Amino acid sequence: MQNNTECCGKSSIQKSSERRPASKDESILYIFMSFSVPKQVWLDLWKQVDLIPFQFVLRGLPDNSFQKLAEKVKEYGCSVTIHPDLFDKFGVTTVPTFIWINRGVVKGVSGNVSLEYAMKHLRGQDS
C-alpha cells in the first residue's frame, strides 16, 4: 500500500512497498540516496530524471523524524520513497547508487556521477 504526502509542488514522501515494473518490458531506475549526499547532487539528479521512470529511495528517516524528512523534501522539492528492504535486496551500502531494472535484468552503478553517465554504464554503452 502506498501513502503519498504532498509537500509542495511535485514533491512527496512515500512509504510504500516496492514499485515494480508492471511487466518485463518496462523498466525502472532506483536512485538510492541519503541526506548525507550534498543537496546539489539531489537537485542535479532531480532535474535529469524527467523522462525515466525512477524513484529516489531512502533507507529511513533523517534523525528518525518524519518532520525532518518533510522539511528536507520540501527544501529539495523532490519525491522520495522510504524502503530499507530495497537497500538490503540490492546490497546497497554506498550512496548514490543507481539500480536499473530493465526487462527483468538488474544492473547497478554507484558513485557521484551524472544520470547520463550512470545510464550509459547501465546500458553497457560506456567505453
| remark: Cβ pairs under 8 Å, 6+ apart or interchain, first in segment 91-119 and without any contact (Cβ under 8 Å) to a residue 24 or more places away in the chain, second loosely packed, with under 12 Cβ neighbours inside 10 Å and not in a strand (DSSP E or B), ordered by first then second residue, are SER110/THR94; GLY111/THR94; TYR117/ASP126
| task | Would you mind listing the strands (runs of 3 or more DSSP E) fully within segment 1-61 where at least 3 residues are touching a Ser or Thr at 6+ places or on another chain (Cβ under 9 Å), at pLDDT below 60 and farther than 13 Å from LYS72 by Cα? | result | 3-8
| Restricting attention to segment 66-73, does a residue exist that is over 17 Å from TRP46 (Cβ atoms), of a type outside the set (A, V, I, L, M) and part of a loop (DSSP other than H, G, I, E, B)? | no
| task | Just name the residue that is nearest to PHE32 (Cα to Cα) out of those in segment 89-110 that are part of a strand (DSSP E or B) and of a type in the set (Val, Ile, Thr). | result | THR97
| Within the group VAL109, VAL57, VAL105, which residue is closer than 19 Å to GLN125 by Cβ and either in contact with a His (Cβ under 7 Å, 6 or more places away or on another chain) or of a type in the set (Asp, Glu) (or both)? | VAL109
| field | Residue in segment 86-110 that is farthest from the chain's Cα centre (by Cα), counting only those that are loosely packed, with under 12 Cβ neighbours inside 10 Å and either under 28 Å from ASN64 (Cα atoms) or of a type in the set (Gly, Ala, Ser) (or both) | value | GLY104
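The values are calculated or read from the model by the stated rules, or taken from the named source; none is laboratory data. What you see is a predicted model; the values in this text were computed from it and never measured. Heads up, the Cβs are rebuilt from the backbone with ideal geometry, glycines too, and the neighbour counts pull from every protein chain shown.
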